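Below you'll find the structure, written out as C-alpha cells, and then a few comments.
The values are calculated or read from the model by the stated rules, or taken from the named source; none is laboratory data. Since this is a predicted model, take the numbers as computed values, not measurements. Using ideal geometry, Cβ is built from the backbone for each residue, glycine included, and neighbour counts are taken over all protein chains shown. For the accessible areas, the whole protein counts, side chains as well, though only heavy atoms, and no ligand, DNA or RNA atoms are used. Shrake-Rupley method; radii C 1.70, N 1.55, O 1.52, S 1.80 Å.
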Amino acid sequence: MQLFPCPFCGPRSEAEFHFGGDAGNVRPDEDEVSADRWSSYLYMRHNQKGMSPSIWMHMTCGELFQLDRDTLTHSVAGSKALTEGGHR
Amino acid sequence: MTSFRTLQPANSLTEKVVRFTFDGQRLEGLEGDTIASALLASDVSIVGRSFKYHRPRGLWGVGVEEPNAFVDVSGTRSLVNARATTEMLVDGMDVRSVNASPSAARDRHSFVDRFARFIPSAFYYKTFMWPNWHLFEPHIRKMAGLGVIDPIATYPQPADQINETCDLLVVGGGPAGLLSALIAARSGRSVVLCDDGLELGGSLLHHRAMIDGVDGFEWVRRCRQELHTLGAKVLTRTTAFGIYDHNLVGLNERRPVGADRLWRVRPSAVFLATGAIERPLPFANNDLPGIMSAEAGLAYLRRFGAAAGKRIVVATNNSMTKEVAEAFAPIADVREVDYRRGVRIVGAHGGSRVDAVELSNGSVIQADAVLVSGGFTPTIHLFCQARGKLKWDDKLLVFRAGEDVPNVSIIGAADANFGLGEVFESAGNALRKIGCEAPAMPRLEGHSSSFEIVETWPKPKMEGRVWIDLQHDVTTKDIELAARENFVSVEHLKRYTTLGMATDQGKTSNLAGLALMAELTGRTVPEVGTTTYRPPFTPVPFGSFAGARGGVLLNPPRRLVLENLHRDDGAHLREYGGWLRPAWYGDEAEERAVQREAMQARKSVALFDGSPLGKIEVMGPQAAEFMDFIYYNTMSTLKPGRCRYGFILRESGIVYDDGVLVRLEENRFIVSCSSSHVPGVYAMLEEWRQDRFDRRRLYIHNATAQTATLTVSGPRSKVLLDAVGLGISFDDASLPHMATGWGSFDGTQVRVTRVSFTGDRSYELSIRADRAEALWSRLKHIGQSHNAVLMGLEALMTLRAEKGFIVTGKDSDGMTLPMDLGSSAPLSKKKVDYLGKRSLFTEEAQRPDRTQLVGLEVIDGGGRFPTGAHGVLKTGSGKRSLGYVTSSYHSPTLGRPIALGLIERGAARHGEVIDVQHLGEMRQARIAPPCAFDPEGERLNA
Ligand SMILES: [Zn+2]
C-alpha cells in the first residue's frame, strides 16, 4: 500500500486515489486534428520506466494533482496542485 | 520408548497437566508445551505423512521452518494446516495429522511409496494428459491434499485489523531484536517488537549465555520487563509476513482465543532480526522420523524437557552443535559425526523410525535419534521483499543481505552473524544508523564467536533416496531429472519439481536444491540464484485479510431513505447499480407482480421511488459553456426551466451515460445521470472542470444522496398531483413535458420536473431526503382514490423497453457511439468542441456496418428471446454474429414479447427477418424500430 501526498490533504493511502493518466497528455484543441494525433492522445502511452509524472484524483477531496513517482521503485518524489496558489 | 520427558528443569513449562488427543489417541502434555513438544514428550514419532509418497515423517524443526508436522485442530478452536511447532497446546484439543487416514502411523495410502520410482517429478502431468488432466485431477488431489476445511464453519467473529505507526518496528525477539528494541525505547522512540514464537528470546531460550552477569534466559526476562515499563508494544505469536510499498509491514497475530488479528504497521524504520534456519544434511533416507534439526533437538530439551532419544547421533558440518552434544550427554548416549573431520553419514536405516546410521568409513552406529546440522540459512525473506539484493558468502555458505535498503536494517543471525558478540554488534550498528548514538552494549562472558562450516551440499548420483524438500517429497533424483530435461533455471526447477512450493515454502530445502542444480550444470550457487521472495512468509488466514468485510459488509449496498416503508408495503428488494431497491411489491410471483404493476401504470397511475437518480448540480457563469463541452448535445440553448435529453461520451466517442439535463436558472443546471453512474459522472465532471475551466466561475455539487426523487407516472398522474396540491400548476401550459418548476410540500421546497422514462405523462418530485417519507405517504394516501399502484424497478424496465428507451451499459456496450443509438443531429449541427467529438469522425465511427439499436419482434410464435441471444447470418463457411439481444421482456400492454438489440446495419433494416440463436436453438426475429408502443408520443400529454 503506497502513501500518496495529496497537496491539499497530506499523505493518504493509495486506495483513496484514482489514476488520471500521464501528465502532459494535452487534449488537442485545434480545429483540424489528424487521426494520428487524436489516437495518440487517446491511446499512446509512454509507460515510462523510472521517475514519471502522472495525474491523480484524490477521491475524498475531489482534487486533481500531479504526482511524481518512480514506476520502478514506487518511490514518490513529490506532488503539486494543478492550479496556482493551491486550493481556491 | 525412545523420545521422552526428562526431569530436568524446562524453561517454558509449568507443572499443570494438559490433556489432548492425537489421531484419536489420548495423550498428556504440560502447560507451556507446543503441540509438537507434547508429541515428542509422548514418544509419538510419526507426526504426518509426506505430500506425494505418503512417507512417515517425524518432527524436524521447532518453529516456522517445520516441513512435516502439519495438523488440523478442533475441540477448542478450529485450525487447518497448523504447524504443530508453533501452536500452543490447549486442554481439550483434538489434533489430527493431515494427509493421512485413518492416522499418521497407519496411513492407508502408504503403499504409494513402494511405487515411488515410477512417480518422478511431473509424472502426473506426463501420464494423465490423455484425454484430459481434469478427469484425473480430483482423485490425485484427494490423495495428495493437506488439511480438511469444514465448508460450513464460520469464524466466531471477524478478525480485527489494526493500523499502527511507530518509529521502529523490530521483527524478531531474539538477542538482536530485544537489544535493539530496548535501546530504541530507552531513547524515547516508539517501538513495536513482534516475534512469531510463543515467547520472546529466540536462541536465548535454548542456548546458554551469560549477559550482563545473568544467564540468557534471565536477561530476556529483564528486557521484556523493561520494554513493558518503557511502553513498547510487544507482540508474540505474531508473524511479520510481508513488507510492502512505502514501508508497510503486515503482521498476523495468532491469538489464543478468537480469530487472528491483522496489523498494518507503517514504521519509520524496520529492523529485521529474523534469525536463521538450520539446514538438513543430505544422506540416504534422511527423512526418517527421528532425524531432526540439531537446534530443534536442543530447543525441545532445554525449553520443554523433551529429549529426542536415548541413543543420539549428532551429525554436523559446523561448530554450532558442540553445545547440543554437551546438553544431551548427561541423559543419553551421544555420538558425534563431524563432517569437518572428513567423516559423513551415507545413509540411515529404519522402518517407521531411524534405528541406525551408516558412515562413510563403513561403520554403523545404532541410534534412535539423529540430530543434524547442515549449516544455517539467514531468514532474509522480508529483506528481499523490500527489494534488497543478496550476495553469496563463500565462507559461511549463505546468501546474505547485500547493499542497504532505505529504512530497513538486517541484524543478528539474519545477517549471518552466528556468534552472540557479533549479533549484538550488528544491532548496535543498525541503531547508530537511525540516530541512537553510542548504544550501550551488553557484557558477554565466556562466549566464543567463531563459526566454522564445511560444504556438504547434495551431490549428483548419490546412493539411495536423498530428500531435499521433505514436505513436497523432492529428492536429489528429481533435481537431476529436471536438469536432464533442461529445467535448469531456478524458477523452472521450482515449478517442475515443486521444490519449495509447499506450505513451508522450502525454508529448509531451497538452498540445497539450488546448490545441487549448480553442481549439475557447472555453475556456482550465486549463478543459479534464488527464486523470488514473495509474501506471505508463512500462511495467513483469509479471515485476517478479510477482517470485517464479510457477509452483509462484503459489499454493502446503498439504501433508500424510504426502505422501511417499501418493506412495509411488501417490497422485494434487489441490488441495482449498488442500490438496494424494490424490484416489485406484494405476495404474487415475480412475473405476475411485474405484469400487474406495468399494466396498472399504463391504465391509471404508478408511484415509483427513483431516489438514486443522479442529481449533480453545476453552477456558475461558465456552467452553460461547460455543459456544452460535457454533453454530445447542445445544451447552452436550453431555456431556464426546461430540460433536455442527452448523451455524455468518453473521449473515445463511446456512450458513457444518457439522461436529462435540467436548466433551473441561467447559471444553474442539474445533471440527472443514471443511478449507477453517479460517482463516475461526478468524477468526470470534476476532472474536466479542473482541467479546462475556471474553478472560481464553475462549481459542481453532488446532491444525489441528500435528495429523494419520487416519480408519479401514468394517465392519472396529473389528477393525483392536483389532489395532493404542491402549490404549483400541473397543467400543460404551465408545466409542459420537459419543463421544471418549484412547488412546496408542508413548507419544504419540491422540485417538480416533467420528464418521462415510461412514455406516459410523468412527474418527478425531488425533495430533501428527510422530508420524503411524508410526501411518499401523502402520495400513497391520495393515490388510493385514483387506483394508484406501487411500482418496482422490474415493471419500470418493462415500460421503458416498450418505448425503446435504453439503459446505458445494458442496451449499449463498450463500442456504442451515439449514432448507433439513433442520435446523429449534433454530428452535423454542433459546432463547438465537446467530449469525444473527434472520435465520431474517425473511419471506424463512420463505418456503415456498425451495430445499431433496433427492436426485435418474435415472429416464430415462441416466448421472449433470452437476453444475450445472438442474431446470426449464415455464411459460406458457417455463420457469424450480427449482434445480440440486449433487453427482452413480455409486454403486458401489447400482449406479446418485446426485445431490444444491437444489430449490424440495424437502423436501415427495419422489416427484415434474421435468425436468432441461443444455446444451440435457432429462432427468428423481425427487425423493427426500437419503440414498440405509442411511437407518436401522444401519451405524454394524455
Ligand atoms: Zn485530498
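Numbers for the structure displayed
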| read-out | value |
| --- | --- |
| Residue in region B:529-549 that is loosely packed, with under 13 Cβ neighbours inside 10 Å, assigned to a helix (DSSP H, G or I) and within 23 Å of the chain's Cα centre (by Cα) present | yes |
| Some residue of region B:595-602 being outside the structural domain of residue B:844 (by TED's automatic domain parsing), acidic (Asp, Glu), touching a residue at least 12 places away in the same chain (Cβ under 8 Å) and in a helix (DSSP H, G or I) | yes |
| Contacts under 7 angstrom Cβ, first residue in region B:524-535 being in contact (Cβ under 8 Å) with a residue 40 or more places away in the chain, partner part of a loop (DSSP other than H, G, I, E, B), 6 or more apart | B:531/B:500 |
| Region B:862-905, residues that are in a strand (DSSP E or B), open to solvent by 60 Å² or more (accessible area, probe 1.4 Å) and free of Cβ contacts under 8 Å to residues at least 60 places away in the same chain | B:870, B:873, B:874, B:879, B:880, B:884, B:896 |
| Residues of region B:247-265 satisfying the condition of being away from every other protein chain (no Cβ under 13 Å) and either of a type in the set (S, T, N, Q) or in contact with a His (Cβ under 6 Å, 6 or more places away or on another chain) (or both) | B:252 |
| Residue ID - nearest to residue B:262 (Cα to Cα), chosen from residues in region B:220-240 that are of a type in the set (A, V, I, L, M, F, W, C) and open to solvent by 30 Å² or more (accessible area, probe 1.4 Å) | B:234 |
| Residues of region B:727-740 satisfying the condition of being open to solvent by 10 Å² or more (accessible area, probe 1.4 Å) and out of contact with any Leu (no Cβ under 6 Å at 6 or more places or on another chain) | B:727, B:728, B:729, B:731, B:732, B:733, B:734, B:736, B:738, B:740 |
| Tally, over region B:413-441, of residues that are over 40 Å from the mean Cα position of the chain (by Cα), over 14 Å from residue B:207 (Cβ atoms) and open to solvent by less than 20 Å² (accessible area, probe 1.4 Å) | 1 |
| Cβ pairs under 6 Å, 6+ apart, first in region B:218-246 and within 14 Å of chain A (Cβ to nearest Cβ), second open to solvent by less than 40 Å² (accessible area, probe 1.4 Å) and hydrophobic (A, V, I, L, M, F, W, C) | B:243/B:249; B:243/B:382; B:243/B:386 |
| Residues satisfying the stated conditions in region B:484-494, i.e. closer than 19 Å to residue B:381 by Cβ and either touching a residue at least 40 places away in the same chain (Cβ under 8 Å) or open to solvent by 60 Å² or more (accessible area, probe 1.4 Å) (or both) | B:490, B:491 |
| Residue in region B:734-745 that is without any contact (Cβ under 8 Å) to a residue 40 or more places away in the chain and under 45 Å from the mean Cα position of the chain (by Cα) present | no |
| Condition broken by residue B:76, with the remaining ones in (1) surrounded by 20 or more Cβ atoms within 10 Å (Cβ to Cβ); (2) assigned to a loop (DSSP other than H, G, I, E, B) satisfied | (1) |
| Every residue from region A:17-26 that is under 16 Å from residue B:686 (Cα atoms) and either within 12 Å of the ligand (Cβ to nearest atom) or surrounded by 13 or more Cβ atoms within 10 Å (Cβ to Cβ) (or both) | A:17, A:18, A:20 |
| Among the residues listed as B:94, B:150, B:167, B:195, the single one being out of contact with any Cys (no Cβ under 8 Å at 6 or more places or on another chain), surrounded by fewer than 17 Cβ atoms within 10 Å (Cβ to Cβ) and at pLDDT 85 or above | B:94 |
| Strands (runs of 3 or more DSSP E) wholly inside region B:714-783 that include at least 3 residues being among the small types (Gly, Ala, Ser) | B:740-745 |
| Residue B:69 vs. criteria open to solvent by less than 20 Å² (accessible area, probe 1.4 Å) and closer than 14 Å to residue B:472 by Cα | yes |
| Failed condition for residue B:197, given (1) within 14 Å of chain A (Cβ to nearest Cβ); (2) touching a residue at least 24 places away in the same chain (Cβ under 8 Å); (3) not in a strand (DSSP E or B) | (1) |
| Residues located in region B:797-846, provided they are on the phi > 0 side of the Ramachandran plot and away from every other protein chain (no Cβ under 14 Å) | B:804, B:809, B:822 |
| Subset of region B:97-109 [buried (at least 18 other Cβ atoms within 10 Å of the Cβ) and within 18 Å of residue B:472 (Cα to Cα)] | B:97, B:98, B:99, B:100, B:104, B:107 |
| Number of the condition not met by residue B:423 [criteria: (1) over 26 Å from residue B:60 (Cα atoms); (2) among the aliphatic types (A, V, I, L, M); (3) modelled with pLDDT of 95 or more] | (1) |
| Within region A:4-14, considering residues that are more than 9 Å from the ligand (Cβ to nearest atom) and more than 15 Å from the chain's Cα centre (by Cα), the one most open to solvent (accessible area, probe 1.4 Å) | A:11 |
| So residue A:74, is it within 16 Å of the ligand (Cβ to nearest atom) and either within 13 Å of the chain's Cα centre (by Cα) or modelled with pLDDT under 95 (or both) | no |
| Residue within region B:648-661 that is on the phi > 0 side of the Ramachandran plot and within 14 Å of chain A (Cβ to nearest Cβ) present | yes |
| The listed residue being without any contact (Cβ under 8 Å) to a residue 60 or more places away in the chain, within 16 Å of the ligand (Cβ to nearest atom) and open to solvent by 80 Å² or more (accessible area, probe 1.4 Å), out of A:59, A:51, A:44 | A:59 |
| Residues of region B:27-55 that turn out to be open to solvent by 20 Å² or more (accessible area, probe 1.4 Å), in a strand (DSSP E or B) and either assigned by TED's automatic domain parsing to the domain that holds residue B:508 or closer than 21 Å to residue B:499 by Cβ (or both), as a count | 1 |
